[in-house]
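Below is one structure, written out as structure tokens; comments come after it.
Each value in this text was obtained by applying a stated rule to the coordinates, not by laboratory testing. These numbers were taken from a predicted model, which means no experiment stands behind them. Every residue, glycine among them, receives a Cβ derived from its backbone with ideal geometry; neighbour counts consider all protein chains shown.
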Amino acid sequence: MPTVIFEPSHATAEFELGKLRYTDHGKRQSLLDIALNNEIHLEHACGGSCACTTCHVIVMEGAELLSEAEEDELDRLDMAPGLTLRSRLGCQAVVQKEGTVKVEIPAWNKNYISEGGGSTL
């Protein structure tokens, strides 16, 4: 059974491959789809259509369990703040194999208005 751990909150999601209810945001079984199915907040301003970088995550463990990044995702990631060699868009990175994936949601991806975090000033 795949497990995804979202840091820094330590929120954990487990699901059966091929049996996750599709939330119509991002690709099926994407990190965004998994987060939304488990009430874990992952910002996604464009609705998961690979048109922004708000769902940017950094894959800490389990990259080999994810789909390969496609050209559209790589082009979009070039615009992401804090880009690393382990960066992925949550809406495009699909969990394809069983095991544990650990991702970090960078602090700069928080939308303080939608998440109720107050002013950033």
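A few notes on this one:
- Count of the stretch 4-32 residues, restricted to those that are under 25 Å from L74 (Cα atoms) and without any contact (Cβ under 8 Å) to a residue 60 or more places away in the chain, is 4.
- Subset of the stretch 38-59 that is farther than 15 Å from E73 by Cα and within 12 Å of the chain's Cα centre (by Cα) - its residue that is surrounded by the most Cβ atoms within 10 Å (Cβ to Cβ): L42
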